[in-house]
Amino acid sequence: CPVILAPKNSSVAMPPPADIVKVAIEWPGAFPKLMEIDQKKPLSSIIKEVCDGWSLANHDQFALQHADSSNFYITEKNRNEIKNGAILRLTTSPAQNAQQLHERIQSSSMDAKLEALKDLANYSRDITFAQEFINLDGISLLTQMVESGTERYQKLQKIMKPCFGDMLSFTLTAFVELMDHGIVSWDTFSVAFIKKIASYVNKFASDISILQRSLAILESMVLNSHDLYQKVAQEITIGQLIPHLQGTDQEIQTYTIAVINALFLKAPDDKRQEMANILAQKQLRSIILTHVIRAQRAINNEMAHQLYVLQVLTFNLLEDRMMTKMDPQDQAQRDIIFELRRIAFDAESEPNNSSGSIEKRKSMYTRDYKKLGFINHVNPAMDFTQTPPGMLALDNMLYFAKHHQDAYIRIVLENSSREDKHECPFGRSSIELTKMLCEILKVGEL
């Protein structure tokens with residue numbers, strides 16, 4: 001195949017300058033305009049050029065946005081993200097759009113109001129729009145609508161329940177999206193608003209979108225404000241949250257565990273153990289096993305993360321006992337060791353029995369403590385002075401002895417009759433196992 005050489009005077013196509021981006025720009029009712037954007041020019045002059053091409057006046061009331069599902073506005077900050085071949089749209093400016101939506105969501109027409117709230121929920125994802133809407137005191141308007149909305153449309157609920165549910169859903173969605181930008185402090189919300197959101201967790205349990213957004217708002221309130229944590233903790237109970245874990249919607253289950261985690265995380269130290277006891281009473285562990293882990297569907301990443309956080313928070317409650325040394329002079333602590341001995345050997349002579357000499361009883365106790373597998377047969381309290389595992393090991397031993405009594409007695413008796421080289425002493429083994437589990441489960445680590 002002969003090589004064809006270009007004539008010396010012909011021009012070779014050069015790549016476009018790095019600052020030039022070729023895009024298509026849409027405007028309703030007109031053919032898209034193909035143009036080159038010079039990234040060195042101010043955005044306002046580019047918008048003016050586009051407006052002039054379609055003979056549109058007041059170019060300062062217009063803006064460019066991505067014509068994809070995001071609809072995000074193009075600003076001087078993000079304009080460098082525009083790629084060659086991108087499709088843009090000429091639209092009203094964020095300030096104009098925010099002003100119009102602010103007015104539209106206050107319309108007396110239910111249909112117009114619903115459509116406006118739907119648009120607001122969509123636009124609120126864009127931080128440029130969000131800033132403009134917030135500047136109009138838009139957050140206060142939404143919270144007022146939530147606080148008064150239920151009463152105002154109470155009579156309409158029977159005939160327009162789907163419409164009311166959608167309106168509330170879009171209102172809460174817009175609120176969540178606006179707050180997610182971190183522009184407004186969470187400390188500004190009233191008790192009335194918190195009560196209303198908390199009530200939706202029960203009242204609208206069947207409406208997935210309202211329930212999901214209400215749970216998301218409660219989680220954010222708890223995590224972002226100490227004052228709001230206290231108010232939310234007064235309004236929502238673990239008992240009210242548990243039923244949402246027993247449904248089939250994994251997103252609702254995830255948000256529910258996220259709220260439980262948030263309440264756990266922000267609770268004062270003295271309240272955490274109390275909360276853990278309530279979770280145990282409510283059978284949280286078996287509910288999660290049945291309805292989440294063993295459900296006939298894969299666990300998504302967010303659910304896996306929330307379950308992991310819950311495990312960390314509950315395991316870390318053990319840190320205090322793990323790092324507490326036994327006080328050999330503490331009679332209550334010594335009584336636990338007496339109880340271990342009593343359950344194992346069911347001694348005919350109780351510890352307080354005065355029969356027999358003190359020396360004889362001491363000798364009997366020493367023999368029994370050796371059978372129980374303690375290192376220090378004379379004063380087994382000394383076995384629990386190492387941290388970790390500290391008193392946590394003794395807690396586990398007592399639980400096992402009380403709740404699995406037959407197995408406990410069998411283990412102690414079997415090991416007390418074995419040869420030394422084959423022994424698995426209950427006391428020492430329990431202490432080592434507890435220590436090992438604390439390491440594996442990273443007890444005390446955030």
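At 37 °C and 0.692 mPa s, what whole-number value in µm²/s does Stokes-Einstein give for the translational diffusion of the stretch 20-92, with Rh from the Kirkwood sum over Cα pairs?
Translational D for this selection: 269 µm²/s.
Contour minus end-to-end for residue 295 and residue 277, with contour as 0.36 nm per residue of separation and end-to-end as the Cα-Cα distance?
4.0 nm
What's the extension gain from residue 406 to residue 77 if we count 0.36 nm per residue and subtract their Cα-Cα distance?
Result: 111.4 nm gained on full extension.
Along each of its three principal axes, how wide is the spread of alpha-carbon positions in the stretch 290-395, in whole angstrom units, largest first?
For the stretch 290-395, the Cα spread along each principal axis is 66, 27, 21 Å.
Please work out how much length the chain gains when fully extended from residue 18 to residue 417, using 0.36 nm per residue of separation minus the C-alpha to C-alpha distance, in nm with one decimal.
135.1 nm
Taking only protein heavy atoms and a 1.4 Å probe, what accessible area per residue, in Å², does the stretch 20-92 have with all protein chains in place?
Here the per-residue accessible area is 58 Å².
What is the percent of Cα-Cα separations in the stretch 218-294 that go past 21 Å?
25
Tell me which lysines have Cα within less than 29 Å of residue 362's Cα, excluding those fewer than 8 residues away on the same chain?
Correct list for residue 362: 325, 370, 371, 402, 421.
Give the percent of DSSP beta bridges with both residues in the chain that are antiparallel, rounded to the nearest 5.
The antiparallel fraction comes to roughly 75 percent.
At 1.4 Å probe radius, can you tell me the per residue accessible area of the stretch 207-273 in Å²?
39
Which three extents, in angstrom, do the Cα atoms of the stretch 261-339 have along their principal axes, listed largest first?
Projected onto the principal axes, the Cα atoms of the stretch 261-339 cover 54, 28, 19 Å.
Determine the sum of side-chain charges near residue 98: Lys and Arg each +1, Asp and Glu each -1, restricted to other residues whose C-beta is under 14 angstrom from that of residue 98.
Around residue 98, the surrounding residues sum to -4.
For the chain, max minus min Cα coordinate along each principal axis, in Å, sorted largest first?
Largest to smallest, the principal-axis extents are 113, 81, 39 Å.
Enumerate the calculated ³J(HN,Hα) couplings along the stretch 264-277 in order (Karplus 6.51 cos²θ - 1.76 cosθ + 1.60, θ = phi - 60°), each rounded to whole Hz, writing x wherever the residue is Gly or Pro.
So the Karplus estimates, Gly and Pro as x, are 4, 5, 8, 5, x, 3, 5, 8, 5, 5, 4, 5, 4, 5 Hz.
So, how do all the Cα-to-Cα distances of the stretch 353-413 break down into 10 Å bins, in percent, from 0 on up?
P(r) for the stretch 353-413, in whole percents per bin: 20, 41, 34, 5.
Working from the alpha-carbon coordinates of the stretch 191-319, get Rg over Rh, Rh being the Kirkwood radius.
0.94
Leaving ligands, DNA and RNA out of it, report the carbon-plus-sulfur percent of the accessible area of the chain at a 1.4 Å probe.
53
Tell me, what HN-Hα J-couplings in whole Hz come from the Karplus equation 6.51 cos²θ - 1.76 cosθ + 1.60 at θ = phi - 60° for each residue of the stretch 84-91, using x for Gly and Pro?
Karplus values, whole Hz, x for Gly and Pro: 4, x, 5, 9, 10, 9, 7, 8.
Counting heavy atoms of the protein chains only and a 1.4 Å probe, report the per residue accessible area for the stretch 368-446 as a whole number of Å².
58
The values are calculated or read from the model by the stated rules, or taken from the named source; none is laboratory data. Please read these numbers as outputs of a predicted model, since none were measured by experiment. Glycine gets a Cβ as well: all are built from the backbone with ideal geometry, and neighbour counts include every protein chain shown. Quick note on the areas: whole protein, heavy atoms, side chains included, nothing else; ligands and nucleic acids left out. Shrake-Rupley method; radii C 1.70, N 1.55, O 1.52, S 1.80 Å.
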